[in-house]
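Undergrad: Okay, here's the structure, questions in a sec.
Rule-based calculations on the coordinates, nothing more; no lab input. In this text, all values refer to a predicted model and were calculated from it rather than measured experimentally. All Cβ positions, glycine included, derive from the backbone under ideal geometry; neighbour counts span all protein chains shown.
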Amino acid sequence: MPPLGAGRALPHIHAMSLPPGFLDELRSRTSLAQVVGRKVMWDTRKSNQGRGDMWAPCPFHQEKTASFHVDDRKGFYYCFGCHAKGDAIGFVRETENVDFIEAVRILAAEAGMTVPERDPAAQQKADRRSELFEVMEMAVRHFRLGLQTAAGAAARDYLDGRGLGPEARERFELGFAADGWQGLWDHLTGRGVAARDILDCGLARPSRKGGDPYDTFRNRIIFPIRDGRGRCIAFGGRAMDPDDSAKYLNSPDTELFDKSRMLYNLAPAREAAGKGAPLIVAEGYMDVIALVEAGFGAAVAPLGTAVTAEQLQMLWRISDEPVIALDGDTAGLRAAWRVIDLALPLLEAGKSLRFALMPQGLDPDDVLRRQGPRALQAVLDGALPMVDLLWRRETEGRQVDSPERRAALDKVLNEAVARIRDPAIRHHYGQAIRDLRWRHFNQGRQRSAPGARRGGKAAMAPVRGETRASLPPRAATRSRPICARR
Ligand SMILES: [Zn+2]
């Protein structure tokens, strides 16, 4: 039987982690005939040692004849019986049952070569990143101290007013960037940090007037953003000045930070979700902090962008059914529509989303402060499945009082369902849409056409109750509407 993986091509991914030329050097110093000779009995009559042309019974399959050939000059072997083939590294892998890098180590030791732990370029990059991480931690400490100073008094007052006392500030490592052009810059350069490192961390921006770079964050409350391993990779800043053009500002993308692939509060949320807390996706840091403080520990938020496909996949790795918490206004609904468009093609069995729509004009933080955690829990409990929101989006504001208009509605619904790649889920969506459509047209719903429900939470709660109360009788469900028959 041919050995598994015999003749496997060189795994370039491993080869690339060695310095260039290392493997060539190793091969030129290694005699394949010598390596193979420890495992086989050469057929001396058939072999020609002087020309490096060696034959033996194959070590990879049972045979009495010598059909295993080694070309020592080229460093390759080939078996005419079982077609095993490869070089010295492959031979050691197969016969010693070790991985690529281990085989390289064995051969290198015999050849008197040392395998460097890592490719210098990769090592340099890792060193570079750890340098930048250190600079980020220095910035965290600087901002946090800033919140204790006299200059941070207004920021402390603001946080107190939002119910974020010293304990919450400690937990989220909140800080304050004073209202100057070079506060952090002077602090870091004064401690020997290179200008380039500060710029590469996104903590300062180059001056266009030829002066020193200036701080990215000025007169802002600072939220350190940490990655899944707890390393600070960016900052978020909330403006203290109500006239500031950007209420919230995040670090620019850097070597450490890719905003489309990161979520605020990721690591703590993953841990809380692992203990059973519902994974909630809020809009911003303040919502996340309020949620966590109220006991909803598995809360995350995207960082200044709409939810991305990468973030959806991150969420699904943590929970099968994350709940998207949306502000109770039209912007919140528009955000939901975007997420639906993004999620439809990505849906897989067992992975979905729910949408918790806050009461009109409120965000999760408002709900918690005005109505308390129980009210928020009720909103979460009433979170709508994605299919309900999809229906709502396509029907809202649409007049369906003629056959033509109904046909147009069917078309958009069918198109939306068709975007689901997973056939089983597509089937169930079709079914659910048919049910919703049946309810809509067969129970005199036209009088309160969906358009009448436009805009807002006040209207939304009744919709939820209504949906439950108005399930069509079972017998009726069987008479399928024309809608989804394609
Ligand atoms: Zn063989």
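Undergrad: Roughly speaking, what is the stretch gain from Asn97 to Ser260, that is 0.36 nm per residue apart minus the C-alpha to C-alpha distance, in nm to one decimal?
TA: 54.5 nm
Undergrad: Evaluated at 25 °C with a viscosity of 0.890 mPa s, what Stokes-Einstein diffusion coefficient in µm²/s does the chain have when Rh comes from the Kirkwood expression over alpha-carbon pairs?
TA: D, rounded to a whole number, is 88 µm²/s.
Undergrad: For segment 101-148, which trypsin sites (Lys or Arg not before Pro) pass both filters: DSSP loop (anything but H, G, I, E, B) and at most 14 other C-beta atoms within 10 Å?
TA: Arg118
Undergrad: Between 0 and 90 degrees, rounded to the nearest ten: what's the tilt of helix 403-418 against the longest Cα principal axis of the chain?
TA: Orientation of helix 403-418: about 30 degrees from the principal axis.
Undergrad: Suppose a student asked you for the relative contact order of segment 20-156, using Cα pairs under 8 Å spaced at least 6 residues apart; what percent would you report?
TA: 15 percent
Undergrad: Which order do Thr305, Thr189, Thr216 fall in if you start with the one that has the fewest other Cβ atoms within 10 Å?
TA: The most exposed by this proxy come first: Thr305, Thr189, Thr216.
Undergrad: Rounding to the nearest 10 and keeping the result within 0 to 90°, find how far the Cα-based axis of helix 120-148 lies from the longest principal axis of the chain.
TA: Around 30 degrees separate the two axes.
Undergrad: Follow-up question, since we're still on this one. Taking R0 as 25 Å, what FRET efficiency do you get between Arg231 and Asp186 from their Cβ-Cβ distance, rounded to the nearest 0.05?
TA: 0.50
Undergrad: Can I ask one more? Could you give the length gained by full extension between Glu110 and Gln148, i.e. 0.36 nm per residue of separation minus their alpha carbon distance, to one decimal place?
TA: So the chain would gain 7.5 nm between Glu110 and Gln148.
Undergrad: Which order do peptides 146-153, 238-245 fall in by mean Cβ count within 10 Å, highest first?
TA: With the highest mean Cβ count within 10 Å placed first, the list reads 146-153, 238-245.
Undergrad: Once the Cβ-Cβ distance between Gln360 and Ser207 is put in as r, and R0 is 45 Å, what FRET efficiency do you end up with, to the nearest 0.05?
TA: The formula returns an efficiency of 0.50 here.
Undergrad: Further question on the same structure: With no solvent and one point on each alpha carbon, what is the Debye value of log10 I(q)/I(0) for segment 12-111 at q = 0.11, 0.17, 0.21 Å⁻¹?
TA: Results for segment 12-111 at q = 0.11, 0.17, 0.21 Å⁻¹ read -0.32, -0.74, -1.06.
Undergrad: Hey, what does the equivalent ellipsoid look like for segment 63-113, semi-axes from the Cα gyration tensor as sqrt of 5 times each eigenvalue, largest first, whole Å?
TA: Over the Cα atoms of segment 63-113, the semi-axes work out to 23, 13, 8 Å.
Undergrad: By how many degrees, 0 to 90 and rounded to 10, does the Cα axis of helix 423-442 deviate from the longest principal axis of the chain?
TA: Tilt of helix 423-442: around 10 degrees.
Undergrad: Hey, what did the chain get for relative contact order, percent, Cα under 8 Å, at least 6 apart?
TA: 8 percent
Undergrad: Given labels modelled 7 Å from the Cα in the Cβ direction, how far is it in nm from Arg317 to Met41?
TA: So the label points at Arg317 and Met41 sit 5.4 nm apart.
Undergrad: Further, regarding this structure: Fully extended, how many nm does the chain gain between Arg334 and Ala418 (0.36 nm per residue separation, minus their Cα-Cα distance)?
TA: The Arg334-Ala418 span can extend by a further 28.1 nm.
Undergrad: Could you work out Rg/(2.2 N^0.38 Å) for segment 318-418, with Rg from alpha carbons only?
TA: Here the Cα radius of gyration is 1.22 times the empirical estimate.
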